[in-house]
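Attaching a single structure in structure tokens format; questions to follow.
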Amino acid sequence: MCRLWQAFDRSVGVRPSKGGEAYASFQDLNTAIATLLDEELQTPFFLYVHALATHFPHHLEPPYDPWVDKAYVSPIITDGGFPKQTGGTFTQADKELLRALHDGSVLRSDTAVGELMALLQSRGLDRNTLFIICADHGDALGEDGISVGHPGILCDEIMHVPLIVKGPG
């Protein structure tokens with residue numbers, strides 16, 4: 001378990017609102033952030049949000065599943081979960097499913113980031129806020145036929161991550 005929260009003066013853990021989910025959704029995180037922002041903030045503040053919305057398992061619902069081929073049933077990728085290790089290679093259909101699940105999770109996260117930006121804007125906090133989005137790692141999606149997630153290998157899929165900075169000016 002990550003102990004990063006211990007580095008801050010105050011931290012809030014957010015549990016998933018849906019039973020059976022591994023992580024709190026970005027929407028759950030945004031609800032908790034709105035509650036924090038309801039407090040009167042008299043001094044500048046630092047808000048760190050650790051979202052895990054693009055990690056396995058990918059439980060996608062419309063409209064975040066447009067790329068998932070609902071007709072394809074993978075023998076090793078079930079319910080958006082981490083693929084079973086079979087010792088074989090991913091088929092092209094498996095690779096397309098992994099990409100579709102990941103892309104849907106990115107779309108869902110992008111929507112949630114937009115909602116968070118709108119929340120900050122509605123409270124006038126966007127005018128003096130530095131907004132940084134980054135990732136700690138990428139994920140392999142079967143590009144090489146065998147690797148998925150972030151196994152102990154170094155490759156472009158793991159090492160190339162986004163860094164987006166938005167702020168005044």
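Out of Leu119, Leu36, Leu97, any idea which swings most in a Gaussian network model of the chain, alpha carbons joined below 10 Å?
Result for the chain, Cα springs under 10 Å: Leu36 fluctuates most.
Where in the chain lies the longest segment free of chymotrypsin sites (Phe, Trp or Tyr not before Pro) that are both loop residues by DSSP (not H, G, I, E, B) and have at most 13 other Cβ atoms within 10 Å?
Formally, the longest exposed-site-free interval is 73-169.
Compute the signed sum of charges (Lys and Arg +1, Asp and Glu -1) over the other residues within less than 14 Å, Cβ to Cβ, of Leu116.
Taking every other residue near Leu116 into account, the sum is -1.
Return the loop-located GluC sites (Glu not before Pro) in the stretch 1-81 (DSSP other than H, G, I, E, B) with at most 12 other Cβ atoms within 10 Å of their own Cβ; answer none if there are none.
Within the stretch 1-81, the qualifying GluC sites (Glu not before Pro) (loop, at most 12 other Cβ atoms within 10 Å) are Glu39, Glu40.
Can you give the longest run of the chain that contains no trypsin sites (Lys or Arg not before Pro) sitting in a DSSP loop with at most 16 other Cβ atoms inside 10 Å?
The longest uninterrupted stretch comes out as 19-69.
I've got another one for you. Could you tell me which of rounded, prolate or oblate describes the stretch 99-169, using a ≥ b ≥ c as the square roots of the eigenvalues of the alpha-carbon gyration tensor, with rounded for a/c under 1.5 and, failing that, prolate when a/b is larger than b/c and oblate otherwise?
Prolate is the answer for the stretch 99-169, as a/c is 1.5 or above and a/b outweighs b/c.
So what is the relative contact order of the chain, in percent, for Cα pairs below 8 Å that sit 6 or more residues apart?
Value for the chain: 18 percent.
Here is a further query. Charges on Cβ only, +1 for Lys and Arg, -1 for Asp and Glu, centred on the Cα centroid of the chain; of Ala135, Phe8, Ala100, which one is farthest towards the dipole's positive end?
About the Cα centre, the residue reaching furthest to the positive side is Phe8.
Could I ask something else about it? Would you mind working out the accessible area per residue for the chain, using a 1.4 Å probe, and quoting it in Å²?
67
What relative contact order, as a whole-number percentage, does the stretch 74-165 give when Cα pairs under 8 Å and 6 or more residues apart are counted?
Answer for the stretch 74-165 is 28 percent.
Right, next: Between Ala71, Ala32, Ala112, find the one with the highest GNM mean-square fluctuation for the chain; connect C-alpha pairs within less than 10 Å.
Highest fluctuation among the options: Ala71.
Hey, another quick one. Need one word for the stretch 1-42: rounded, prolate or oblate. Basis is the Cα gyration tensor (sqrt eigenvalues a ≥ b ≥ c); a/c below 1.5 gives rounded, then a/b vs b/c decides.
The shape class here is oblate.
Percent of accessible area on the chain owned by carbon and sulfur, 1.4 Å probe?
Carbon with sulfur: 56 percent of the solvent-accessible area.
What aspartates and glutamates could a cross-link reach from Lys70, if we take a straight Cα to Cα line under 17 Å and drop same-chain neighbours fewer than 8 places away?
Glu61, Asp79, Asp94, Glu96, Asp103
Step through the table entries Lys95/Lys166; Lys84/Lys166; Lys18/Lys84, compare each Cα-Cα distance with 31 Å, and write down the pairs that go over it.
The pairs that break the limit, which is 31 Å between Cα atoms, are Lys95/Lys166; Lys84/Lys166.
From the list (i) 57, 33, 33; (ii) 79, 52, 26; (iii) 45, 39, 31, can you say which value of Cα extents along the principal axes in Å was derived from the structure given?
The calculated read-out lines up with (i).
The values are calculated or read from the model by the stated rules, or taken from the named source; none is laboratory data. Note that the structure is predicted; figures quoted are calculated from it, not measured. Backbone-built Cβ (ideal geometry, glycine too); neighbour counts: all protein chains shown. Quick note on the areas: whole protein, heavy atoms, side chains included, nothing else; ligands and nucleic acids left out. Shrake-Rupley method; radii C 1.70, N 1.55, O 1.52, S 1.80 Å.
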